[in-house]
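Engineer: Take a look at the following structure, please.
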Amino acid sequence: MRIAGVDYSLRCPAVCVFDGNKKFCISECTFHFMSPTKKYDAQFPQNINGTLMHEHKHECERYSAISDWALQIVKDCDLVCIEDYAFAAKGKVFHIGENTGIFKYLLWKQGVKYSTVPPTQVKKFGTGRGNAKKEDVYAAFKAETRVDLQSVLGTTGAQIKSPVADLADAYYICKYGHHLAFKS
């Protein structure tokens with residue numbers, strides 16, 4: 001069964017695709033992310049693929065590029081789980097909604113089954129706490145998978161940033177989708 005977890009965003013969307021059977025494990029996962037940072041336009045160890053996000057003259061051009069990229073990755077999945085909107089989000093919330101709406105529309109049009117998962121549910125599933133911070137989610141990911149994304153991607157610092165946080169989120173969104181698919 002192919003299940004995708006999507007941490008969809010304007011600056012660094014990330015996707016984790018599980019392609020396996022009943023037992024969820026990281027060795028059956030492939031990771032993808034898009035970033036405006038040129039050094040991330042590469043293939044990395046641990047089945048991690050980075051794609052450069054180019055500059056766009058119009059927001060709709062950006063939305064189209066992101067949704068086309070994500071759709072190519074998830075189009076053959078049996079289930080796509082997308083992190084839902086954050087209740088107390090600040091910033092470009094309408095832009096995020098427009099961007100995600102286009103992706104959901106394309107999934108629907110292609111007949112790809114998808115569901116949304118509240119961010120608090122993803123955090124609770126990954127860390128045991130619905131109000132966990134990015135650093136907590138990443139620490140849980142690192143402890144569970146024994147994969148140090150910061151080392152793999154060549155990032156440094158105590159603060160967990162994109163794409164590290166996005167990939168860890170996508171992993172837990174995917175794992176939660178797997179849990180939903182096999183819980184019966």
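The values are calculated or read from the model by the stated rules, or taken from the named source; none is laboratory data. Note that this is a predicted model, so its numbers are computed, not measured. Every residue, glycine as well, gets a Cβ built from its backbone with ideal geometry; the counts of neighbours run over all protein chains shown.
Engineer: Hey, could you check region 11-44 for residues that are among the β-branched types (Val, Ile, Thr) and touching a helix residue (DSSP H, G or I) at 6+ places or on another chain (Cβ under 7 Å) and say which is farthest from CYS77 (Cα to Cα)? It would help to see each step written out before you state the result.
Structural biologist: Step one: list which residues in region 11-44 are among the β-branched types (Val, Ile, Thr), which gives 15, 17, 26, 30, 37.
If we keep only those that are touching a helix residue (DSSP H, G or I) at 6+ places or on another chain (Cβ under 7 Å) as well, we get 15, 17, 26.
Numbers: VAL15: 12, VAL17: 8, ILE26: 17 Å.
If we take residues in region 11-44 being among the β-branched types (Val, Ile, Thr) and touching a helix residue (DSSP H, G or I) at 6+ places or on another chain (Cβ under 7 Å), then ILE26 is farthest from CYS77 (Cα to Cα).
Engineer: Kindly list, by first and then second residue, each pair from a residue in region 98-120 that is assigned to a strand (DSSP E or B) to a residue that is acidic (Asp, Glu), limited to pairs with Cβ atoms under 9 Å and residues at least 6 apart or on different chains.
Structural biologist: Cβ pairs passing all conditions: THR116/GLU83; THR116/ASP84; VAL117/GLU83; VAL117/ASP84.
Engineer: On the given criteria, is VAL152 at pLDDT below 95, over 13 Å from the mean Cα position of the chain (by Cα) and closer than 24 Å to PRO36 by Cβ? Let's see the steps before the verdict.
Structural biologist: Working: at pLDDT below 95: no; over 13 Å from the mean Cα position of the chain (by Cα): yes; closer than 24 Å to PRO36 by Cβ: yes.
So VAL152 does not fit the description; no.
Engineer: Within the bounds of region 70-88, is there any residue that is more than 26 Å from ASP41 (Cα to Cα), under 16 Å from the mean Cα position of the chain (by Cα) and assigned to a helix (DSSP H, G or I)?
Structural biologist: Here is the first cut: in region 70-88, the ones more than 26 Å from ASP41 (Cα to Cα) are 78-79, 84-88.
Within this subset, residues satisfying the condition of being under 16 Å from the mean Cα position of the chain (by Cα) are 79, 84-86.
Applying the additional criterion that residues be assigned to a helix (DSSP H, G or I) yields none.
No - not one qualifying residue is present in region 70-88.
Engineer: Out of region 94-119, which residues are among the β-branched types (Val, Ile, Thr) and either under 19 Å from LYS75 (Cα atoms) or modelled with pLDDT of 95 or more (or both)?
Structural biologist: THR100, ILE102, VAL112, THR116, VAL117
Engineer: Which is over 27 Å from HIS58 (Cβ atoms) and either in contact with a Pro (Cβ under 6 Å, 6 or more places away or on another chain) or surrounded by fewer than 13 Cβ atoms within 10 Å (Cβ to Cβ) (or both), of GLY97, GLY128?
Structural biologist: GLY128
Engineer: For region 1-24, which positions are closer than 20 Å to ALA143 by Cβ, out of contact with any Lys or Arg (no Cβ under 6 Å at 6 or more places or on another chain) and at pLDDT 95 or above? Steps first, please.
Structural biologist: Kept after step one, since they are closer than 20 Å to ALA143 by Cβ, are these residues of region 1-24: 5, 7, 14, 16, 18, 23-24.
From what is left, the residues that are out of contact with any Lys or Arg (no Cβ under 6 Å at 6 or more places or on another chain) are 5, 7, 14, 16, 18, 23.
Within region 1-24, GLY5, ASP7, ALA14, CYS16, PHE18 meet the criteria.
Engineer: Go over the candidates ASP76, ASP68, ASP41 one by one and state the one that is surrounded by 14 or more Cβ atoms within 10 Å (Cβ to Cβ), acidic (Asp, Glu) and over 26 Å from LYS123 (Cβ atoms).
Structural biologist: On the way: ASP76 fails: surrounded by 14 or more Cβ atoms within 10 Å (Cβ to Cβ); ASP68 fails: surrounded by 14 or more Cβ atoms within 10 Å (Cβ to Cβ).
Of the residues listed, the single one that is surrounded by 14 or more Cβ atoms within 10 Å (Cβ to Cβ), acidic (Asp, Glu) and over 26 Å from LYS123 (Cβ atoms) is ASP41.
Engineer: Could you identify the single residue in CYS29, CYS16 that is under 11 Å from ALA70 (Cα atoms), in contact (Cβ under 8 Å) with a residue 60 or more places away in the chain, in contact with a Phe, Trp or Tyr (Cβ under 6 Å, 6 or more places away or on another chain) and surrounded by 15 or more Cβ atoms within 10 Å (Cβ to Cβ)? First the steps, then the outcome.
Structural biologist: Numbers: CYS29 fails: under 11 Å from ALA70 (Cα atoms).
Just one listed residue meets the conditions, CYS16.
Engineer: Return only the number of the condition from (1) modelled with pLDDT of 95 or more; (2) over 19 Å from LEU167 (Cα atoms) that CYS81 does not satisfy.
Structural biologist: That leaves (2) as the condition not met.
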